[in-house]
Amino acid sequence: MQTPPASRVLATIERYGMIQPGDRVGIAVSGGGDSVALLLLFEHLREALGVTIVVLHFNHGLRGEAAEADERFVCELAGERGLACMVRREDVGAEAKRLGKNVEEVARERRYAFFRQLVTEGRVTRIATGHTADDQAETVLARLVRGSGLRGLAGIHPVLGPVVRPLIEIRRSELREYLRKRGHNWREDETNIDTSRLRARIRQRLLPSIEAEYGSGVVDRLARLADLARNDEALLDEVVEERFVRLCRHRGRELVLRAMDVADPWPQLKSREAREAIAARLARRAVREVKRDLRGLAAGHIARILELARQGTSGNRLELPGGVVVERALNELIFSVKGEWSRTKGQPAAYSYPVELGMRGEAALAIAETGKRLRLKLIDWPAVGRETYGGASGVLDADRLETPLSVRNWLPGDAYRPLGRGHRGKLKRLLLERRIAGKDRALWPVMTSGGKPVWTSGLPVAVEYAAGTETRRALLIFEDQVGGLSGREVLETAGRRRASK
């Protein structure tokens, strides 16, 4: 004898830790059989779960009077049970046309945006949707047909942030039988039988055909495949995240990795297939970092990124869906999004920050344009103990410096004679010798004194300004990764502090 649906739903909730006592659960009700059954089951289980429930309905505005009738049905259903009903109405068709995107994709995005807003505002703590075991099987088949990898085979996640799917282990036919026994009606969405849609063809034709040939257990086996894929995917995500954190660095809004690390991020692995899998996933992770999602990214795009890492030359670039740009700069790959970072358009984002040491003889400049921070410290010289100046990237004779002092980006024509060099040289040539690509050189930090370059990142200070035996006060320059305020904000804060004294 089969366990009643309510008991099985309760077991699913407990297995995945979907809901905690005290939660305020928003039940997403479209008016269809699955979501109506979900509401009735939660009404039955709410005391056992220790939760309160509210009804949520999203009207996409896509089906005319039928959509209006769905909304009325759901609101009446909630009213009959004394439940609050929160409704959002949007013209999804117009929005999809404006964005030039698929209507179903926009409908899903707007529906889940509505759910997230309710959670953010604290009006609910969890969102329960009516996805069933059949939905899981259909999703896995749809992704197989489209050529998905392991991530796609993971199917519908039982728990994804605040969204939970308590019916994910229940068949649609069982829910219909449950409603009939309760004498409760529901509304059918005619788009579910529109076989011009892939999902409807799978629901109406493919899955019934497979079940007829191989038995109804195929749905359970597809769900089991999704479970295994999710577990393996979670493991691989953790492995790739460890590699990503170890190998990548942020530079402003850009992400930078060594080309060799993208091509082969874990060379210690013996299996070539394993190394290929990690490389592909690392490339995907890099794209997601700058774009925030992976929409439009296909296996062919990942293959092109890996080819750029393995065989590309400096200056080669790829443009991927969503405005993602991947550029080879010497031995590095730089990931960015067009429009967010001006250098992707070949227009260096010039900057210039004045240096004011203040009462304590210290200053900190966070240069957002480069992702670096400079710390400047004035000390007596010669220093007593290396701990005073150890790690400094430059030491200048403070008494030789002229005002104004500033830190700005490299400019064509910049030149000086670095300490240890026999002659004066153009900074462009000196940076090329250190294999600094043009893309990076455009924003390379340079400190000037009275308009003359005296120091640049990665090179010794100008010989005529270097601390020596006659130096009495020295200015130390330290470089860190960016953190905290931007350079302008630091200076504005310092200015307010001085004004208040």
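None of Gly155, Gly149 is surrounded by 19 or more Cβ atoms within 10 Å (Cβ to Cβ) and modelled with pLDDT under 95 except Gly155. Filtered by the rule that a residue be part of a loop (DSSP other than H, G, I, E, B) and either touching a Gly at 6+ places or on another chain (Cβ under 6 Å) or surrounded by fewer than 18 Cβ atoms within 10 Å (Cβ to Cβ) (or both), the range 118-146 gives Glu121, Gly122, Arg123, Val124, Thr125. What tally of residues in the range 40-76 results from selecting those that are over 24 Å from Arg24 (Cβ atoms), over 34 Å from the mean Cα position of the chain (by Cα) and outside any helix (DSSP H, G or I)? Count: 1.
Kindly indicate whether Ile13 is in contact with a helix residue (DSSP H, G or I) (Cβ under 6 Å, 6 or more places away or on another chain) and under 18 Å from Thr125 (Cβ atoms). Explain how you work it out, then say what you get.
Working: in contact with a helix residue (DSSP H, G or I) (Cβ under 6 Å, 6 or more places away or on another chain): no; under 18 Å from Thr125 (Cβ atoms): yes.
No: the conditions fail for Ile13.
Hey, among the residues in the range 98-117 that are touching a residue at least 12 places away in the same chain (Cβ under 8 Å) and closer than 16 Å to Val164 by Cα, which one's surrounded by the fewest Cβ atoms within 10 Å (Cβ to Cβ)? Across the range 98-117, the extreme among qualifying residues is Arg116. Being in contact with a Phe, Trp or Tyr (Cβ under 7 Å, 6 or more places away or on another chain) and modelled with pLDDT under 95 holds for only one residue in Arg328, Arg253, Arg272, and it is Arg253.
Give Gly31, Gly26 a once-over and let me know the one that is within 32 Å of the chain's Cα centre (by Cα), small (Gly, Ala, Ser) and not in a helix (DSSP H, G or I). Before the answer, list the steps.
On the way: Gly31 fails: within 32 Å of the chain's Cα centre (by Cα).
The unique qualifying residue is Gly26.
Within the range 411-439, residues that are within 23 Å of Glu327 (Cα to Cα) have Cβ atoms under 8 Å from residues that are exposed (fewer than 15 other Cβ atoms within 10 Å of the Cβ) and polar (S, T, N, Q) in these pairs: Arg435/Asn331, counting only partners at least 6 apart in sequence or on another chain. Of the candidates Ala364, Ala383, Ala392, the single residue that is surrounded by 15 or more Cβ atoms within 10 Å (Cβ to Cβ), part of a loop (DSSP other than H, G, I, E, B), at pLDDT 80 or above and among the small types (Gly, Ala, Ser) is Ala392.
Among the residues of the range 257-278, is any under 23 Å from Ile367 (Cβ atoms), touching a residue at least 24 places away in the same chain (Cβ under 8 Å) and not charged (D, E, K, R)? If you could, list the steps in order and put the result at the bottom.
From the range 257-278, those under 23 Å from Ile367 (Cβ atoms) are 257-258; that's our starting set.
With the extra rule that they be touching a residue at least 24 places away in the same chain (Cβ under 8 Å), the set shrinks to 257-258.
Those still in the list that are not charged (D, E, K, R) too: 257.
The answer is yes, given that some residue of the range 257-278 is under 23 Å from Ile367 (Cβ atoms), touching a residue at least 24 places away in the same chain (Cβ under 8 Å) and not charged (D, E, K, R).
Would you call Ala94 modelled with pLDDT under 95, part of a helix (DSSP H, G or I) and surrounded by 14 or more Cβ atoms within 10 Å (Cβ to Cβ)?
Numbers: modelled with pLDDT under 95: yes; part of a helix (DSSP H, G or I): yes; surrounded by 14 or more Cβ atoms within 10 Å (Cβ to Cβ): no.
Criteria not met by Ala94.
Any idea which residue in the range 249-288 is surrounded by the most Cβ atoms within 10 Å (Cβ to Cβ), counting only those that are farther than 22 Å from Leu443 by Cβ and among the basic types (Lys, Arg)? Only one residue fits best here, namely Arg281. Applying the condition of being in contact with a Leu (Cβ under 9 Å, 6 or more places away or on another chain) and not in a loop (DSSP other than H, G, I, E, B) to the range 398-420 and asking which residue is surrounded by the most Cβ atoms within 10 Å (Cβ to Cβ) yields Tyr416.
Among the residues of the range 278-307, the ones that are under 17 Å from Val337 (Cα atoms), outside any loop (DSSP other than H, G, I, E, B) and aliphatic (A, V, I, L, M) come to 6 in all.
This table checks each residue for (1) buried (at least 16 other Cβ atoms within 10 Å of the Cβ); (2) in the same structural domain as Gly31 (by TED's automatic domain parsing).
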site	(1), (2)
Arg171	yes, yes
Leu175	yes, yes
Arg182	no, yes
Glu188	no, yes
Gln204	no, no
Gly215	no, no
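The residue list Leu77, Leu49 contains one member that is touching a residue at least 40 places away in the same chain (Cβ under 8 Å) and among the hydrophobic types (A, V, I, L, M, F, W, C), which is Leu77. You will find that of Arg435, Arg496, the residue that is assigned to a loop (DSSP other than H, G, I, E, B) and at pLDDT below 85 is Arg435 and no other.
The values are calculated or read from the model by the stated rules, or taken from the named source; none is laboratory data. Keep in mind the model is a prediction, meaning the values are calculated, not measured. Please note: Cβ atoms are built from the backbone with ideal geometry, for glycine as well, and neighbour counts cover all protein chains shown.
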